[in-house]
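Q: The structure that follows is given in the form of structure tokens.
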Amino acid sequence: MSEQRITRGRSVSALACCMGVGLWLFLSLLGASPVNAQPTEADLEAGEQIYLQRCAHCHGVEGDGVGASTDVVYPKPRDFTSGVYKFRTRHETEEGNWLAADSDIARSIREGLHGSSMPGWETVLSGQQIDQLVHYIKTFADVFEEDTPGLELSFANEIASSPESIARGKEIFETVFECHTCHGTDGRGNGEEALAGLEDDWGYRIWPANLTKPWTYRGGSGRRDIFRNISLGIAGTPMPPFADPDPMAEARETDDPEEKQEIEALARELQEDTWHTVNYVQSLWTYPQEPEVKATLTAKRVDGALPMSPDDAAWQEAPVNYYPLVGQVIQEPRLFASMTVGVELQALHNGEEVAFRLVWDDRTESAPGESEEMETYGDAVALQFSSKPLSGMEKPYFLMGDASYPTDLWYWRNDPGDAVLTRTQGAGTFQADGNAGGLVSQGQFDNGQYRVVIQRALQTEQTDTEVQFPIGAFIPFSVTGWDGSNGEFGGYKRTVMAWYNLYLEPEPSKAPLYLLLVGIGFGLIVEFSALFVTRKNHG
Amino acid sequence: MRLSIHLKSLLTLLVAIFVFSVVVPFVSAPIPGQLYGWYVITTLFVIYLYVSSSEASWEEFISPVRQLLLARTALMKPLRIVVFIVVPLLCGWYFSTWAAGGSAPPGGLRVIHPTPPSSVNFQGKQLVLQDIPVSPIRKDEAHLAEHIENGRIIYYENCFFCHGDALQGKGHFAQGFNPAPADFQASGTIAQLSESYLFWRIAKGGPGLPSESTPWDSAMPIWEDFLTEEEIWQVIAYLYDTTGHEPRVMDHGGGEGGGGH
């Protein structure tokens, strides 16, 4: 706060600050943020102190990834004793080690690993403190003493995005690099290999990234970040390198100019192919960054029948709201390792009925009992409303209500695939079966994505015990989801979100038009009476 | 130099608007829309009072308007036509947008720090908050550091995924909840509260709030179900120790809370 005040007061220092920040950003973009090569004893000690205060509860006092928080986070904190760092700009060393440069580790600490519990520390720690941490955490692994990081990755021959490049990238994605075997043909992380089960080097189940959601890319979603991950792979995970060792290395060694040229041409082609793939990956993004949550979902008013199919073109008219879904971590048993990131929601009404469209990504189409290792359940989603009409600001508890304020859940599960109405008075009372409740639904699983439409009449006969949808009013709603193969089921193990408001758009009102006329009339009356009075007195 | 009365009025209005829309939000919080409108109207009224305070100043103020209305010069005639068209249109536009902006969701009235209950039933034991002006573990000074260290572990096992590693309310689950998890570093949360108030909030969580604080929206868990009495005092000690805030010592009037914007 006080810093802000000073810069507001003195624009010169503000300018200097801006330039400083700009310069710093520029330098860090170049990957040139300097880390002292040789730490002193004092650096290591300072690093240890910060580590114990800020990092040990996740990464463990011994750096082995076992701390107080390890049980409640997924993915698991890195075990630094392995010396394996996922995000590097350096090629494999001659010894066959994948070592990160100090600046790579510093960047991960500064920015955090997005979509995981590893926070970015740049707002809390200074650049010097982060450097000291880098030196300290390297002492957990001997490999840093035995070997030095390999050659720097070259980002040359960049190709700007264009429809042609994206088309070429898709071809490479599916036939040359075969990324789809893990990431799926639509990039939702649901390729065959992913479904068959992948493990990381530490023995945990790991899922390929959902490429459509760039804000969950651990190592950043900049073009160079994606290029780096494809070229060098992600160490410790099944994601392989596609340009390692350095394809140019051989060219540097040979004396034969013809051979040299040939290798260089091949290396350039590989770089270009990688840039095409980067362009394709970016074209898969649904949103460039995590969308902001909108407090109100507007159900647009349309004429005629509401669309029943989730892929009906009529849905393009309805505004889309995105809501993050998080694990239910409030009541026992809790869900810490949630897989679902968020849900897209749309609504339409025609004065008689309301229709909702829910879209969310799920790598697995789950069925009860499909896995031998753990109990699995069906995939499901539910819209939650208050069963009773509400007065004032009162609402049911957002986790399935309680005895005095029950909630209506419009519960849809992939088997049998028909939405039912089920009433809850708290999570413990949740029952997956209910009655039809006047709901009509249609849903489908398509290549790592569920799309479901649920419809009902705006009004029912049970006006006091079932949710009603008065037009022009604000109606609290919320969404909850279950990823069956992630062990999610029942009232507790599920993903949740807060209450937000549904607003059913009224018929286009004529009031603004009338008021426009009234306003014009008002202006004219004021003017002419002023004119009249003035003329009378002075004319 | 003498400023013309029009310039004076305009300057006053501009300064007032600057204060309302820049200075006040910077120093405290933005002024809500409706209140803002009233402030501006009040300012206009004061300006009117000033302008009409003497015959001379009123004359000075009104004479250009009169010249426009009478339109005796060649310049004034077209100007009058323009003004006579533009002003009614502006009025119409203002009236109709005012009608269109009529639908805003309810809410925004949540009391963040309600008055606490006088006593808390904790796992079957009755604790009278007034009788606990400071945390009982502070009496055990010899072991305070140990208690704080335990509190730290408790925090990172139970709280950080909502309230964040840096205690700023930015844990990796925070984005799913509304209201957002409290930011303990800020001056508006634990810095204003006593340790027994925190004890109540932590023990009873969101559902323990009175209805003016919208208990149905809060994701704050009921920690009575997970932690012992001592563990809660320990995590409280950790929060104050780490943020550097001083707990308020509860006065016997129970004069805490009620505030919160």
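Q: Looking at segment A:128-146, which of the residues that are touching a Gly at 6+ places or on another chain (Cβ under 6 Å) and either assigned to a helix (DSSP H, G or I) or on the phi > 0 side of the Ramachandran plot (or both) is surrounded by the most Cβ atoms within 10 Å (Cβ to Cβ)?
A: Filtering segment A:128-146 for residues touching a Gly at 6+ places or on another chain (Cβ under 6 Å) gives A:132-133, A:135-136, A:140-141, A:143.
Within this subset, residues satisfying the condition of being either assigned to a helix (DSSP H, G or I) or on the phi > 0 side of the Ramachandran plot (or both) are A:132-133, A:135-136, A:143.
Working: A:Gln132: 26, A:Leu133: 24, A:His135: 22, A:Tyr136: 23, A:Val143: 16.
Across segment A:128-146, the extreme among qualifying residues is A:Gln132.
Q: Give me the pairs: first residue in segment B:221-240 and more than 14 Å from chain A (Cβ to nearest Cβ), second residue crowded, with 18+ Cβ neighbours inside 10 Å and charged (D, E, K, R), beta-carbon distance under 6 Å, and six or more apart or on different chains, which are they?
A: Going by the 6 Å Cβ cut-off, the qualifying pairs are B:Ile236/B:Glu195.
Q: Here's a follow-up. Step by step: first the residues of segment A:504-539, then only those that are open to solvent by 80 Å² or more (accessible area, probe 1.4 Å) and in contact with a strand residue (DSSP E or B) (Cβ under 9 Å, 6 or more places away or on another chain), then the one that is farthest from the other protein chains (Cβ to nearest Cβ). Which residue is that?
A: The residue in question is A:Glu507.
Q: When segment B:168-210 is examined, which residues are found to be touching a strand residue (DSSP E or B) at 6+ places or on another chain (Cβ under 8 Å), within 13 Å of chain A (Cβ to nearest Cβ), in contact (Cβ under 8 Å) with a residue 24 or more places away in the chain and polar (S, T, N, Q)?
A: B:Asn178
Q: Please work out which residue is farthest from the other protein chains (Cβ to nearest Cβ), limiting yourself to segment A:69-83 and to residues that are open to solvent by less than 30 Å² (accessible area, probe 1.4 Å) and touching a Lys or Arg at 6+ places or on another chain (Cβ under 9 Å).
A: A:Gly83
Q: Right, something else. List, please: which pairs have Cβ atoms under 8 Å, are six or more places apart or on different chains, and start with a residue in segment B:72-97 that is more than 9 Å from every other protein chain (Cβ to nearest Cβ) and end with one that is among the polar types (S, T, N, Q)?
A: B:Thr73/B:Gln67; B:Met76/B:Gln67
Conditions (1) under 28 Å from A:Asp418 (Cβ atoms); (2) surrounded by fewer than 20 Cβ atoms within 10 Å (Cβ to Cβ); (3) touching a helix residue (DSSP H, G or I) at 6+ places or on another chain (Cβ under 8 Å), marked per residue:
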position	(1), (2), (3)
A:Ile263	no, yes, yes
A:Leu266	no, yes, no
A:Thr277	no, no, yes
A:Gln282	no, yes, yes
A:Asp303	yes, yes, no
A:Met308	yes, yes, no
A:Asp312	yes, yes, no
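Q: Next question, about the same structure. Which of the numbered conditions does A:Leu125 fail, given that it passes all the others? Conditions: (1) within 14 Å of chain B (Cβ to nearest Cβ); (2) buried (at least 19 other Cβ atoms within 10 Å of the Cβ); (3) of a type outside the set (Gly, Ala, Ser); (4) over 24 Å from A:Ala337 (Cβ atoms).
A: Only one criterion in (1) within 14 Å of chain B (Cβ to nearest Cβ); (2) buried (at least 19 other Cβ atoms within 10 Å of the Cβ); (3) of a type outside the set (Gly, Ala, Ser); (4) over 24 Å from A:Ala337 (Cβ atoms) is unmet by A:Leu125, namely (2).
Q: If A:Ala16 meets every condition in (1) in contact with a helix residue (DSSP H, G or I) (Cβ under 6 Å, 6 or more places away or on another chain); (2) modelled with pLDDT under 90; (3) assigned to a helix (DSSP H, G or I) apart from one, which number is that one?
A: (1)
Q: Can I ask one more? Determine the pairs where a residue that is not assigned by TED's automatic domain parsing to the domain that holds A:Ala235, located within segment A:83-96, has a partner that is of a type in the set (Lys, Arg) and part of a loop (DSSP other than H, G, I, E, B) with Cβ atoms under 9 Å apart, the partner being 6 or more residues away or on another chain.
A: Every condition considered, the pairs that remain are A:Val84/A:Arg78; A:Tyr85/A:Arg78; A:Lys86/A:Arg78; A:Lys86/A:Arg218; A:Phe87/A:Arg218.
The values are calculated or read from the model by the stated rules, or taken from the named source; none is laboratory data. On a predicted model such as this, the values are computed, not experimentally measured, just so you know. Glycine gets a Cβ as well: all are built from the backbone with ideal geometry, and neighbour counts include every protein chain shown. Only protein heavy atoms, including side chains, enter the accessible area calculation; ligands, DNA and RNA are left aside. Shrake-Rupley method; radii C 1.70, N 1.55, O 1.52, S 1.80 Å.
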